[in-house]
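Written below as structure tokens is the structure these notes are about.
The values are calculated or read from the model by the stated rules, or taken from the named source; none is laboratory data. These figures come from a predicted structure and were not determined experimentally. Every residue, glycine among them, receives a Cβ derived from its backbone with ideal geometry; neighbour counts consider all protein chains shown. Keep in mind that these areas ignore ligands, DNA and RNA; they rest on the heavy atoms of the full protein, side chains included. Shrake-Rupley method; radii C 1.70, N 1.55, O 1.52, S 1.80 Å.
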Amino acid sequence: MSGDAEVVLSGVRKRYGTGPQAVVAVNDVALRVADGEFVALTGPSGSGKSTLLNLIGGLDTPDDGRVEVGGRNLALLSDDVRSDLRLQHIGFVFQSFNLFPTFTALENVAWPLEFLGCGWRRARERAAEVLVQVGLGSIGARRPADLSGGEQQRVAVARALVTEPHLLLADEPTGNLDSSTGDAILDLLQRLNAHRKLTIVLVTHNPSAAARAHRVVELCDGRLVREHHP
Amino acid sequence: MPLRFARAEYRRLVPTVVAIACGVALVCAMDLGARAALRAFTDVMDAAAGRVALEVRAGAGGAFPEEVAATVAAIPGVEIAAPAVSGTARPADSEDELLTVFAVDVGNQEAVRAYGMEVGDDLRVDDPFTLFAQPDSVVLVRSFAAARGLTIGDRIELVTPVGRRPFTVRGLLEPHGVVRAFGGNLVVMDVYAAEMAFTRPGFINRVDVVVRDGEPVARVAEAIARALPRGLHVEAPSQRKVDLERVTAALRVMLQAAGLLALAAAFLIAFNRLTTVFAARMGQLAVLRAVGVRAGVVWRELVKESLLVGAAGVALGLPLGIGLGRLLLPVIATTTALTYKLPPPEARLSVVAPSLVLAAALGLGAALLAAALPAWRVSRLTPRAALAERDVDPVQGGARAMWLVRGALAAAIAAAIALQAATRSAAWGLLASVLVAIGTALAARPLVGLARPTLAPALRLVAGPVGRFAWTTLLHSPRRTALSAATLGVGLGSILWLCILACSVERSVVDAMASGVRADLVVSASHPSAGYIDVPVHERLLDELRAVPGVMAVSGQRMLDWQHEGAPIAIDALDPDPHGDPASSPPRPASLLDDAVARGAAVNVSTNFVLHRGVGVGDTIALETPSGRLPVRIAGVTTEVLSPGGTVQMSRALYARYWHDDNVTVAYVWTRPEADVAAVRTAIVREQGGRHLRILLWAEFIDYCAAQVRRAFAGVRALAALVLLVVLIGTADTLAAGVAERTRELGAMRAVGLRRRHIVRMVLLEGIVLATLGLVLALAAGFALGTLWVNATFPRLVGWVLDLHVPYAQVAAIGVMAVGVCLAAALPPAYRAARFQPAVALRHE
């Protein structure tokens, strides 16, 4: 992949179901996210935000249109190549954290590195460094059940960052957190974008969260209805 | 409500239904098969008895003077005292058929009526006078004759103890009464003609007694017993049935134990699955509790649902069991016949209510027990706790109590084993076996914890990061992992137990044979297809063999079943000094018995004789013989395996003197050093053209004995296949449940960047880990049960004393099969997990 993490969507459509029950989740969306940009996708429930994020991350493929990440058309890539793309260049942060309950915080952060060929000892060392970067240097040995929501989400962010991706996709990362904790996470994301030039696409229904971004893209009923700079 | 829940989640419950069905099927099949086999043997006895209320015998085939019949006839209360001869013969042109010979005084209408036959209706003869006047007359069953194209007046050659003899068909039997029980394999002769072929002139081997109406049978039996010469005894055919039921009860217990172990494995699968299903329903149950439904009501509804599942399993399992019973019946009947040296009868499976009720009750009971504890646990959760979204196994706590239970169980196992040793009762051994199975299941959870330090790094080393995931996934639900390992442990352990038992029996028999007489050739008239039935041959065979070129020495052995102190034993009478050409230069084989036994002053007894009667070297026992009481001293102990009740070994001269029997069962032949053994065998066949003999090399003889044991345990393979099926279901169910529970996690893994093949490898590795844990438990349980049964329970239950032999090759094969089965079980959930759409999986609740 080229050094940039530019995201280009053109004429993207995604439909679920068939016949009269079919739902058009994303309808003819065109969007460009420049390398190093922080973009927020907002809109009411069912507007297609998460679907769009999944298409950008290669978790799903569009029925029509093109999704390009780093100059590569994801629809033309095999499932294995898309997986490799996510592992090496894209980081995901989820609303429900999706940490593995039987792993410690350190193990939750370290394991993606093993799949990149890194030895386990080196992976743990690197994971410890990343945990420090997200402000969790002392909780590596604890399990997710022993962490607060904010701490769990920081661990999830650390997991997303440990492979040094070019693109970070965050789907409602503050949805399960109280406002102050959520703000702390958003602060973290802003710092990552500012200092590392990490391209971030944030899905949120929270206007104040969206205001952290360089650009806000509003969706409604699967269509892009407005773009503005907060 | 239970029906609604079950209908909504029927897919999740199908593996439980199938597992219970397999367990019910096995219990049903074993019980039906054992009952049918027993019924077949007792039907033969019943039908053969007819109106006969008492029988006078001198042990198995022992002959006594025909004047005894007249003595018995003179006893008040006796209506008919019919002299009879019974034996076995084989058509000269068939290797596979064994005929029961039934010889009565055909000229005596009363004697014939004693067996429920009427000359004319059931027994069609052209000329009754010819039938008993001509010693070559036989009566065949009409169907047997028709199959060979024979009719009255035709000739048939039969192989008898005195050799191949031609007979003339003088009559045909209709399939009524005694005939029906034997199928077509019955030959009726006149008793005097049979004496010439099966005993000797003037000697019979049975008197059948019909008691006058109104006379108490027991009183007449006592009077007969007082009048009989020593060595003869009187018994009711019903008593023989009781004896048969007692000895076959042991086999039935073993079959039922195997069935119950399969049901135990099914119980573990049901427990595992129902725990998962109930836990997944916590939200719904919390709503019920929040609305106001009592905990006890919730519990009852969940248990009712499990009964529905059990009922479905029973409904599926009973017809499966009936079919399986039909398939296994020939094996069970053969095992019974081989074990107790009986002619295998024609057995038919009858579907009887008690077997169905037993299997159904056990199946429903297993389902009920499997649900009781999980239902109690989830019904006791507070609504708040149940509604809280926590990724926590609801079955927590009680670890200390479980260790107490494990400790108590270990103590109970030790106590049961000690009680078996002290009381010599097999019942304690059976209890210990059940407790070992339960202990295996309870040991699974600690094993999972113990295995962690070893398995986790091993998996990482072998499989890299995927290995780490496989192990931690299994640890995510330690209860389910432990239960799956327990299912594997109990199921595979039961297979190992049976394999160790079968190997120990086979090797013990072979070792006993190898430690006995060892010759170059073993000659007998035993019929191979009947397995272990000994057809005696007159002792002049020994002289005939000595005359064959290349033969250096010959020794005869007579083996027969006898009674001692009311229980069955075997007599082994051996020529101590192999007789050969006195002028021969090569030295003859050394004496086969030590001096006192060879002289007839003492006897040897077998290890199981010592075990069952508590006697030893130096003690004196008194044998009842046809010639009177014979007190003999025990000079030594052998490892013979002729009878579950024990064997008394003596010189053949002593035997012939007291039993008036000059037949031999086996002749041992030693060839000259310069002779070619194969050539001598050929020469014997040529010299004995008129009598079909089985002539085996020593190694062939040992193999033959081992093959009979393997035939007796042939059913183990069928049981093993069914148990492996149960294991497959259990493992597949566990892995599928694990994949379903981790849908979102799997979605996250794919989102982070794992490929599909990583997911497949992870689930397959989980299957291998389960197989490994299960094998560890199975090895422990199998060896424990095998050792317990070989050393203590089997000798008490069946009567044989065994040495422990472990079939390491089979154990390794079972291990490989277990891993293969678990991999096969893992494939569907592995590929299903790999095909999850990550976006869809991430939304999974």
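Quick notes
- Of the residues B:Arg424, B:Arg148, ranked by 1.4 Å probe accessible area with the largest first, the sequence reads B:Arg424, B:Arg148.
- Considering only A:Thr163, A:Thr51, A:Thr18, the Gaussian network model of chain A with Cα springs below 10 Å gives its largest mean-square fluctuation to A:Thr18.
- Interface A-B: total buried accessible area of about 2400 Å², 1.4 Å probe, protein heavy atoms only.
- Loop GluC sites (Glu not before Pro), region B:651-749 (other Cβ atoms within 10 Å of the site Cβ: 11 or fewer; DSSP): B:Glu674
- Shielded by partner chains, region A:49-83 residues - at least 50 Å² of accessible area, 1.4 Å probe, vs chain alone: A:Leu59, A:Asp79, A:Asp80
- Extending 7 Å from Cα along the Cβ direction at B:Ala147 and again at A:Arg15 yields two label points whose distance is 7.2 nm.
- Pairwise FRET efficiency - B:Ala372 versus B:Leu327, Cβ, R0 = 35 Å, nearest 0.05: 0.55
- Fully extending the segment from B:Ala596 to B:Ala812 would add 73.0 nm, taking 0.36 nm per residue of separation and subtracting the current Cα-Cα distance.
- HN-Hα J in Hz across region B:772-780 - Karplus 6.51, -1.76, 1.60, θ = phi - 60°, x for Gly and Pro: 5, 4, x, 5, 4, 5, 5, 4, 5
- Shape category assigned to region A:89-141 from the gyration tensor of Cα positions, a/c cut at 1.5: rounded
- With protein chains left intact and a 1.4 Å probe, residues in region B:702-794 average 29 Å² of accessible area per residue.
- Of the residues making up region B:719-755, those losing 30 Å² or more of accessible area when the isolated chain is joined by the remaining protein chains, with a 1.4 Å probe, are B:Arg744, B:Glu745, B:Ala748, B:Arg750, B:Ala751, B:Val752, B:Gly753, B:Leu754, B:Arg755.
- Simple Cβ-charge dipole of chain A, Lys/Arg +1 and Asp/Glu -1, about Cα centre, in debye nearest 20: 180
- With all protein chains modelled, accessible area of A:Arg226 [1.4 Å, Å²]: 120
- Here region A:8-23 is scanned for amide nitrogen atoms under 18 Å from the site 7 Å beyond the Cα of A:Asp63 along Cα-to-Cβ, giving A:10-23.
- Spin-label model, B:Ala415/A:Arg121: points 7 Å from Cα along the beta carbon direction are separated by 5.4 nm.
- Set of region A:101-132 residues, backbone N closer than 18 Å to the point 7 Å along the Cα-Cβ line of A:Ala184: A:105-106, A:130-132
- For the protein assembly as shown, the carbon plus sulfur part of the accessible surface works out to 57%, probe radius 1.4 Å.
- For B:Ala290 and B:Ala721, a Förster radius of 60 Å and the Cβ-Cβ distance give a FRET efficiency of 0.80, rounded to the nearest 0.05.
- Pair A:Ser208, B:His844: separation of 7 Å Cα→Cβ label points (nm): 3.6
- Cβ-derived FRET efficiency at R0 41 Å, A:Arg143 paired with A:Ser45, nearest 0.05: 0.80
- Residue (of A:Cys220, A:Thr204, A:Leu192) at the positive-pole extreme of region A:173-223, dipole from beta-carbon charges: A:Leu192
- Taking the Cα centre of the protein assembly as shown as origin and assigning +1 to Lys and Arg Cβ atoms and -1 to Asp and Glu Cβ atoms, the resulting dipole is close to 4360 debye.
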